[in-house]
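Q: Below is a structure I'd like to ask you about.
The values are calculated or read from the model by the stated rules, or taken from the named source; none is laboratory data. Because the structure is a prediction, the values reported are computed rather than measured. Cβ sites come from the backbone with ideal geometry, for glycine too, and all protein chains shown count toward neighbours. What goes into the accessible areas is simple: the full protein's heavy atoms, side chains included, and nothing from ligands, DNA or RNA. Shrake-Rupley method; radii C 1.70, N 1.55, O 1.52, S 1.80 Å.
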Amino acid sequence: MRSAGKFEKLGLRSSFDFVLHLPLRYEDETALTAPQSAPQGRPVSVEAKVLKAQVMYRPSRQLIVHAEGLCLRFFNFYPSQLKQFQRAVERGQLVRAYGEVRAGFFGAEMAHPRYRIVSEGEPLPETLTPIYPSTAGVSQAELRSRVLNELDSSQLLDTLPAPLKCSYKLKDFGESVRLLHRPPPGIELAALADRTHEAWRRMKFDELLAQQLSMRFAHEKRKTRRAHALPANGALLRHFIQNLPFKLTRAQGRAVQQVLHDLALAAPMQRLLQGDVGSGKTIVAAIACLAAVDGAQQAAVMAPTEILSEQHWRKFNDWLAPLGVRLGWLHGGLTRKQKKAVLDAVSSGETQIVIGTHALVQEGVEFASLALAVVDEQHRFGVSQRLSLRRKATELWPHQLMMSATPIPRTLSMTYYADLDVSVIDELPPGRRPVSTRLVSAERRSEVLGRIREACAEGQQCYWVCPVIEESKEGDLQTALETYATLGGELKGLRVGLLHGKLAPVEKAAVMDAFKAGKIDLLVCTTVIEVGVDVPNASLMVIESAERFGLAQLHQLRGRIGRGARESVCVLLYGGPLSPTARERLKVIYENNDGFEIAQHDLDMRGPGEYLGERQSGLPMLRFADLTKDAVLVEAACTAAEELIKADPEAARAHVERWLGAKRELIHA
Ligand code: ADP
Ligand code: MG
């Protein structure tokens, strides 16, 4: 393979990419140890004259190299290696090897050490040997020589002005990088290993700062784009607000104000509406859509599942159809002819608000004038899907309202979500009772069945959530079918329904209808009900094999109950024995009802991946900084970004250019 191609597999293209390819760890070859006195279990560098090299076939094929006081063994080797050692014998050369020395058949012995043939008196390296993250087909030696070459030929000027470095106590950039690639012997290795050394601190700071700056630039750029300014005080909106189906909570009121304020501007809104499950985000979205209708424009509401899109469709119908708003629903159950009618109404402008799944972003969907795109459960969508919805607007940019019930911990909202404005609904509508959570061993399943019978006898409804089978939707389906059959037998007399992702949209809708109408007592389901489903009469939820679910997922699921006036109970059935992390997860969910708390625990336990969803595919992931361990640095980079943009916008640009360069376009496309 060409070497450029090889390195590209590691993401290494530009000279700076190589410079930033920092070592995973180091090996100390700055001093030699005599083979006989090598310590146990710790790698050392040794040197010995090569005496003889031969291939042996017993007990298995191997290359044995005898050197003075040392024997080397290689089970996998190239013929060229044998020759190399034989040549060394002829020339009286030495082998310098790095690895663990053990007591073997021939005395001190090393298996598969990293080695080099050297001549007598060849100087030892003066710095520790860096070991780089690599991949199959790229040797350490090759990678190291390229990285160090790039390092030596780069100027590595500092992008940060002296006053900023001084006030944040930052070490020089070039010095830091050089130190990380070639640490001097005697350096505190622990600080390098756990990345707390000040050279590491500088790398992390720069990385976080670049991210902060680029987010801010994107934010600025957006403000220069044009969008339809939508009236915050139009006739429909006023009428709706005066006749709301319920009194908005204070938090909802605040979110509505923020959204309407943004919509009234001629720059596109980019707002994330964050609120725990059941906090009432939908009505805020409906109000935003009314502003679009009042402004003689269209709005689109995109939901991640058919079930959710139907639920929105119904709510919007209840709320807005009486005002004469013309609504459309694009869903999978439409005949070809019906679908065409819906699409025509959208493209002619007849339909003012259209609701659907990602079907909304497909080709063939054209809007007369899309001014607002609402994306529910935004983390469920890929960047590209959200972008394509935005592209459905023709002349001007659409406003975007993204909604999420997955609370985003502070460090994350300061980093990956810093380009969005955020409204938080941190209050539940009145009358909600917190759900009480019980941890029950699967051995006590029959007691749980008893509870279900009692609850249903009182006219309540229940969910039975089947376990997720790792890596396999088919497996999920299989368990759901089996559980449905078993429970149907065990709970004779109850009306048991089944809901899973493989049902056709009309079938799903029929099951949900029956459940909502109280015609099903117990709904056996997969995690398809995880997002958004709203049936207030359901007050008992059993989650089977709860230890297999993620924290965010458990919280979402549990949020499906506790919506009515009755006290709700969530039973987490677990099968023992539990792994320590599973135990920890269940403990967190048992002890906490607050989504933010749970999210913070989740972030601590699992890292940020889960929260970024598809967002990560377009954003530069942090390579060096760790959002959990480096929370303090995140805060520092955040204020530094603000200061730098004010004090020295040129330097700010140069810094982003260095760190993100070509990737920048991708991020904010
Ligand atoms: P989510 O934020 O999870 O999307 P929804 O918008 O679906 O929540 O709201 C959950 C339920 O609470 C719905 O039945 C909704 O009609 C109801 N609701 C929302 N806001 C209020 C409120 N201020 N007072 C009473 N009920 C409300
Ligand atoms: Mg919702």
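Q: Calculate the tail of P(r) for segment 251-305: the fraction of all Cα-Cα distances greater than 18 Å, expressed in %. Walk me through the numbers on the way to the answer.
A: Numbers: 460 of 1485 pairs.
That tail contains 31 percent of the Cα-Cα pairs.
Q: HN-Hα J couplings of segment 78-95 from phi, Karplus 6.51/-1.76/1.60, θ = phi - 60°, integer Hz, Gly and Pro as x?
A: So the J values, rounded to whole Hz, are 9, x, 5, 5, 4, 4, 4, 5, 5, 5, 4, 4, 4, 8, x, 8, 10, 10.
Q: One-quarter of the Cα convex hull surface for segment 391-454, in nm²?
A: Orientation-averaged projected area of the Cα hull: 9.5 nm².
Q: I would also like to ask the following. What is the angle, in °, between the Cα long axis of helix 580-591 and the longest principal axis of the Cα atoms in the chain? Nearest 10 is fine, range 0 to 90.
A: For helix 580-591, the angle is close to 30 degrees.
Q: Can you tell me what percent of all Cα-Cα pairs in segment 355-463 are more than 18 Å apart? Could the numbers behind the result be given before it?
A: Values: 3981 of 5886 pairs.
When every Cα pair of segment 355-463 is considered, 68 percent fall beyond 18 Å.
Q: What is the Rg over Rh value, at two decimals, for segment 32-124, using alpha-carbon atoms and the Kirkwood definition of Rh? The partial results should precede the final answer.
A: Values: Rg = 12.3 Å, Rh = 13.1 Å.
Ratio of gyration radius to Kirkwood radius: 0.94.
Q: At a probe size of 1.4 Å, how large is the accessible area of Arg61, to the nearest 10 Å²?
A: Answer for Arg61: close to 120 Å² accessible.
Q: What is the angle, in °, between the Cα long axis of helix 306-320 and the longest principal axis of the Cα atoms in the chain? Nearest 10 is fine, range 0 to 90.
A: Compared with the principal axis, the helix lies near 40 degrees.
Q: On to the next question. Give me the mean projected area, in nm² to one decimal, of the convex hull enclosing the Cα positions of the chain.
A: Details: hull surface 148.4 nm².
Spelled out: convex hull of the Cα atoms, projected over all directions, averaged, 37.1 nm².
Q: Moving to a separate point now. Cα-Cα pairs above 20 Å in segment 254-373: how many percent? Present the calculation step by step, with values, prior to reporting the outcome.
A: Details: 2902 of 7140 pairs.
Result for the distance tail: 41 percent.
Q: Where does helix 445-457 land angle-wise versus the long Cα axis of the chain, in degrees 0 to 90, nearest 10?
A: Relative to the chain, helix 445-457 is tipped by roughly 20 degrees.
Q: Continuing with the same structure: Which order do you get for Leu10, Leu389 if you rank them by accessible area with a 1.4 Å probe, largest at the top? Mind showing how you got there, number by number?
A: Numbers: Leu10 40, Leu389 0 Å².
So the residues, ranked largest to smallest area, are Leu10, Leu389.
Q: Using only the Cα atoms, what convex hull volume per residue in Å³ does segment 417-568 have? Present the calculation step by step, with values, prior to reporting the outcome.
A: Numbers: hull volume 21.9 nm³, N = 152.
Normalising the Cα hull of segment 417-568 by residue number yields 144 Å³.
Q: Sum up the charges of everything whose Cβ sits under 11 Å from the Cβ of Ala286, counting Lys and Arg as +1 and Asp and Glu as -1, but leave Ala286 out. Intermediate values should be presented prior to the final figure.
A: On the way: positive: Lys281, Lys315; negative: Asp318.
Surrounding charge for Ala286 is +1.
Q: Compare the peptides 427-440, 357-370, 543-556 by average per-residue count of other Cβ atoms within 10 angstrom and give them in order, highest first. List each step's numbers first, then the result.
A: Numbers: 427-440: 15.0, 357-370: 17.6, 543-556: 22.1.
My ranking of the peptides, most packed first, is 543-556, 357-370, 427-440.
Q: How much length would be gained if the chain were fully extended between Glu198 and Glu122, taking 0.36 nm per residue of separation minus their Cα-Cα distance, in nm to one decimal?
A: Numbers: separation 76, 0.36 × 76 = 27.36 nm, distance 3.29 nm.
Full extension of this stretch gives 24.1 nm more.
Q: Under a plain spin-label model, where a point goes 7 Å from the Cα along Cα-to-Cβ, how far apart in nm are Glu366 and Lys223?
A: Placing both labels 7 Å along Cα→Cβ, they lie 3.6 nm apart.
Q: Using θ = phi - 60° and the Karplus form 6.51 cos²θ - 1.76 cosθ + 1.60, what ³J(HN,Hα) does each residue of segment 143-149 get, whole Hz, x for Gly and Pro?
A: 5, 4, 5, 5, 4, 5, 4
Q: Write down Rg/Rh for segment 90-167, rounded to two decimals, with Rg from the C-alpha atoms and Rh from the Kirkwood relation over Cα pairs. Don't jump to the answer; show the numbers that get you there.
A: Values: Rg = 19.4 Å, Rh = 16.8 Å.
Ratio of gyration radius to Kirkwood radius: 1.16.
Q: Something else: Per residue, what accessible area does the chain have, given a 1.4 Å probe and all protein chains present, in Å²? Walk me through the numbers on the way to the answer.
A: Details: 30460 Å² over 669 residues.
Accessible area per residue: 46 Å².
Q: When Lys and Arg each count +1 and Asp and Glu each count -1, what net charge do the other residues less than 14 Å away from Tyr132, Cβ to Cβ, add up to? Each step should come with its number before you reach the end.
A: Numbers: positive: Lys6, Lys9, Arg25, Arg114, Arg144, Arg146, Arg182, Arg623; negative: Asp17, Glu27, Glu142, Glu150.
Cβ neighbours under 14 Å give a net charge of +4.
Q: What ranking, highest mean first, results for peptides 504-511, 291-298 when packing means the other Cβ atoms within 10 Å averaged over each residue? Please list the in-between numbers first.
A: On the way: 504-511: 16.1, 291-298: 24.1.
Highest mean packing first, the order is 291-298, 504-511.
Q: Order of 269-280, 225-236 by packing, highest average Cβ count within 10 Å first? Don't skip to the end; give the middle numbers.
A: Numbers: 269-280: 22.7, 225-236: 17.7.
Ranked from most to least packed, the peptides come out as 269-280, 225-236.
Q: Mind pulling the per residue volume of the convex hull built on the Cα atoms of segment 215-298? Å³ is fine.
A: Details: hull volume 8.2 nm³, N = 84.
Per-residue hull volume (Cα only) is 98 Å³.
Q: I've got another one for you. So what's the Cα pair-distance distribution over segment 133-222, bin width 10 Å, in %?
A: Here the calculated profile for segment 133-222 is 14, 35, 35, 14, 2, 0.
Q: Kirkwood Rh over alpha-carbon pairs of segment 521-585, then Stokes-Einstein at 20 °C and 1.002 mPa s: what D in µm² s⁻¹, rounded to an integer?
A: Details: Rh = 12.5 Å.
Answer from the Stokes-Einstein relation: 171 µm²/s.
Q: Could you grab the Rg to Rh ratio for segment 1-64? Cα atoms only, Kirkwood for Rh.
A: On the way: Rg = 19.2 Å, Rh = 16.4 Å.
Using Cα coordinates only, the ratio equals 1.17.
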